[in-house]
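The values are calculated or read from the model by the stated rules, or taken from the named source; none is laboratory data. Bear in mind the structure is a predicted one, so any value in this text is a computation, not a measurement. Note: ideal-geometry Cβ built from the backbone for every residue, glycine included; neighbour counts use all protein chains shown. Ligands, DNA and RNA are stripped out before the accessible areas are found, and what is left, the full protein with its side chains, is counted by its heavy atoms. Shrake-Rupley method; radii C 1.70, N 1.55, O 1.52, S 1.80 Å.
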Amino acid sequence: MNSSMAGDDKAGAHPAAPGAKGLHLVQGVRPGLEHPASSGLQGRLPANEHAWRTRQLNDSGLNPAAIEVLLDTGVLIRIRRGAYVRAAYWESLDQLHRDKARIILHAHAAVATERAYSVYSHVSAARLHDLPLWKADERIHITRAGKCSTAERASDVRIHSRQLRDDECTVIDGVPVTNLLRTTVDCALTMTYQQVLILMDHALRSGIPRDVLEREASVLDRHRGIRIFRAALDFATQFSESAGETLTRDLIRVCNIEPPQLQFTVPSRNGSYRADFAWPAYKVILEFDGAGKYFNYRPTQEVLRDERVRENTLIELGWSVIRIEWRDLFNEHAFKTRLVAALRKGGMK
């Protein structure tokens, strides 16, 4: 389920493509295991689809009792009322794609029961935009001008009331969502400082000008969350290239350590190397290992070998290299002790 933003689509497009029969199976996913109670029923599920609304299953010849059999035997999973997915496909998804699929399946089910227009926003839009999120809530967020529908009154759905302009919206995977700027602003007003800082860094890195974000902040004076918005924007930079680098930079600030140079280039006999964080005056480099939106990154053997060569080259040039992982970001004392020791060894007073 690759997300691709249709930049020319406007908010007036019909939400979630009601005529679609379902999201397509990815190549290589096997159907559920045969079970005596469901073997005859599985053949009624279209082979090239993996998600359905209740009515679509009914149209395929599956009545409520048959659907329950497919659920009981593990062929189908009910994601929410009125929305089903093939279990084998669901189990093939990582957490990132499950979170995105839940949003798409919510839209898929809601279209069948309500034609009123709504737009996925806040954290839900951030997920569909593939924005870096950290400890974000799992609710489905919708923005609409009118009252919510029956399909949207579920406990995991949060409705926000706002009249959105057409130019604040776009379409991703057939789902209407707030655009990148609107999504960033909405999240910045409803999240914690560190969560917002990660998104602000990404916004600047993605090409949203700082003055545009500052202009958004200026019209939100006294709005709930504006103080965090402004604090994060003041510290944000386009030179943090991942959520982990953003949190590392913020931890350096919290530890009251001299700010480093970001993405610092070191020339060597093996070519130029770029360091995440560097203190050239003390010849100290700090590298963050393990970038990824859901923090499940695992380096390949080739990457590990290249990093060893890189580190050895830098050491030969007189640099001290400190490597940290996600867990190091949550032990402030150990992090500060280790980094300060290296900086003092390099001459920091």
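A single member of Asp211, Asp166 is surrounded by fewer than 16 Cβ atoms within 10 Å (Cβ to Cβ), farther than 30 Å from Arg338 by Cα and at pLDDT 95 or above, and it is Asp211.
Residue-wise test of (1) modelled with pLDDT of 95 or more; (2) part of a helix (DSSP H, G or I); (3) surrounded by 21 or more Cβ atoms within 10 Å (Cβ to Cβ); (4) among the charged types (D, E, K, R).
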position	(1), (2), (3), (4)
His108	no, yes, yes, no
Ser124	yes, yes, yes, no
Leu133	no, no, yes, no
Ile142	no, no, yes, no
Lys147	no, no, no, yes
Ala154	no, no, no, no
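Entry remark, region 307-349: residues being part of a helix (DSSP H, G or I) and open to solvent by 80 Å² or more (accessible area, probe 1.4 Å) number 12 in total. Take Arg215 and tell me if it is assigned to a loop (DSSP other than H, G, I, E, B), over 20 Å from Thr246 (Cβ atoms) and of a type in the set (D, E, K, R). In short, no.
Here Tyr117 meets each of (1) at pLDDT 85 or above; (2) farther than 23 Å from Met191 by Cβ; (3) not charged (D, E, K, R) with one exception, condition (1).
Quick one: is Arg102 modelled with pLDDT of 85 or more, open to solvent by 40 Å² or more (accessible area, probe 1.4 Å) and outside any helix (DSSP H, G or I)? Spelling it out, it is not the case that Arg102 is modelled with pLDDT of 85 or more, open to solvent by 40 Å² or more (accessible area, probe 1.4 Å) and outside any helix (DSSP H, G or I).
Residues that are without any contact (Cβ under 8 Å) to a residue 40 or more places away in the chain and open to solvent by 60 Å² or more (accessible area, probe 1.4 Å) occur at least once in region 240-258.
Before we move on, is Phe239 at pLDDT 95 or above, part of a helix (DSSP H, G or I), under 22 Å from Gln194 (Cα atoms) and not β-branched (Val, Ile, Thr)? Answer is no for this residue.
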